[in-house]
Amino acid sequence: MKFRFHGGRPSVNFTATVDERWRDGGFERLAAPAALGRWFTEAGLTGNDPRCSRADLRHARELREAVYRLMLARMGRCRPAPDDVATVNAWAAKPPPAVELCAEASGLCARPARVTAPALLALLARDAVDVIGGAAGPRLRECDNAECSLLFVDTSRAGTRRWCSMSACGARDKMTRYRSGGT
Ligand SMILES: [Zn+2]
């Protein structure tokens, strides 16, 4: 199953691991601990699968849903729930992955060290704090395709981006308007 990375930030992409949220309950893409490990890797947060446990998966989903609801609150859709703020803050207070320098034949390079699932969740929570409370907050958007509803950070100069991705939802909208004879 392919994950979707159109959000522009790790914490926003993390909320996309529930797809079709417009449907009742949506579609859970993190169905098992191994899927969480694969998401961390494909998101570029670690080079090696941190081997997630069932508890890690449960924590990841709790954090993800708190982040999602707070992003909706940032977009003015609802009021921020104190429990969600507390969940994000608790994870943001934990240590993120350590980094280290490694000396290779080609020279010195930086790499994450001792990457664990809790450290990666801390990283995501910190990113969420920055997105929701920082400069990206006013640029949070939901895809205009009613049957998509992924979130993304609009980094376009004009701030008028409507789709999670031009190649998926944008192209689909173009095709619909073409078929209906509109412009
Ligand atoms: Zn979309």
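Taking the residues in the range 1-18 that are of a type in the set (D, E, K, R) and touching a residue at least 40 places away in the same chain (Cβ under 8 Å) as candidates, determine which candidate is surrounded by the most Cβ atoms within 10 Å (Cβ to Cβ).
Arg9
Would the range 109-116 turn up any residue that is in contact with a Ser or Thr (Cβ under 8 Å, 6 or more places away or on another chain), more than 16 Å from the ligand (Cβ to nearest atom) and of a type in the set (D, E, K, R)?
The first filter runs over the range 109-116 and keeps only residues in contact with a Ser or Thr (Cβ under 8 Å, 6 or more places away or on another chain), leaving 112, 115.
Imposing the further condition that a residue be more than 16 Å from the ligand (Cβ to nearest atom) reduces the set to 112, 115.
Restricting the remaining residues to those that are of a type in the set (D, E, K, R) gives none.
Among the residues of the range 109-116, not one is in contact with a Ser or Thr (Cβ under 8 Å, 6 or more places away or on another chain), more than 16 Å from the ligand (Cβ to nearest atom) and of a type in the set (D, E, K, R), which makes the answer no.
Being modelled with pLDDT of 95 or more and not hydrophobic (A, V, I, L, M, F, W, C) narrows it down to one residue among Pro96, Pro80, Pro50; which is it?
Numbers: Pro96 fails: modelled with pLDDT of 95 or more; Pro50 fails: modelled with pLDDT of 95 or more.
Exactly one residue qualifies, and that residue is Pro80.
Since His59 meets every condition but one in (1) modelled with pLDDT of 95 or more; (2) not in a helix (DSSP H, G or I), which condition does it not meet?
Just one mismatch for His59, condition (2).
Considering only the range 162-183, how many residues are more than 9 Å from the ligand (Cβ to nearest atom) and small (Gly, Ala, Ser)?
Residues in the range 162-183 being more than 9 Å from the ligand (Cβ to nearest atom) and small (Gly, Ala, Ser): 5 in total.
I want to confirm something. Restricting to the range 138-161 and keeping residues that are within 9 Å of the ligand (Cβ to nearest atom) and surrounded by fewer than 16 Cβ atoms within 10 Å (Cβ to Cβ), which single residue is modelled with the lowest pLDDT?
Filtering first and then ranking leaves Glu147.
As an exercise: evaluate Leu120 against (1) farther than 22 Å from Phe27 by Cα; (2) assigned to a loop (DSSP other than H, G, I, E, B); (3) in contact with a helix residue (DSSP H, G or I) (Cβ under 9 Å, 6 or more places away or on another chain) and give the number of the one condition it does not meet.
(2)
Read through the list (1) of a type outside the set (A, V, I, L, M); (2) more than 23 Å from Cys52 (Cα to Cα); (3) open to solvent by less than 30 Å² (accessible area, probe 1.4 Å), then give the number of the only condition that Asp127 fails.
For Asp127, the failing item is (2).
Limited to the range 18-39, what total is found for residues that are acidic (Asp, Glu) and more than 15 Å from the chain's Cα centre (by Cα)?
1
Which residue out of Leu108, Leu140 is over 19 Å from Ala55 (Cα atoms), in contact with a strand residue (DSSP E or B) (Cβ under 7 Å, 6 or more places away or on another chain), in contact (Cβ under 8 Å) with a residue 40 or more places away in the chain and not small (Gly, Ala, Ser)?
Of the residues listed, the single one that is over 19 Å from Ala55 (Cα atoms), in contact with a strand residue (DSSP E or B) (Cβ under 7 Å, 6 or more places away or on another chain), in contact (Cβ under 8 Å) with a residue 40 or more places away in the chain and not small (Gly, Ala, Ser) is Leu140.
A quick yes/no check of all residues on (1) farther than 22 Å from Ser11 by Cβ; (2) of a type in the set (Val, Ile, Thr):
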residue	(1), (2)
Cys78	no, no
Ala81	no, no
Trp91	no, no
Pro95	no, no
Ala98	no, no
Glu104	yes, no
Leu108	yes, no
Thr116	no, yes
Leu120	no, no
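The values are calculated or read from the model by the stated rules, or taken from the named source; none is laboratory data. Note that the coordinates shown come from a computational prediction; the quantities given were computed from them, not determined experimentally. Backbone-built Cβ (ideal geometry, glycine too); neighbour counts: all protein chains shown. For the accessible areas, the whole protein counts, side chains as well, though only heavy atoms, and no ligand, DNA or RNA atoms are used. Shrake-Rupley method; radii C 1.70, N 1.55, O 1.52, S 1.80 Å.
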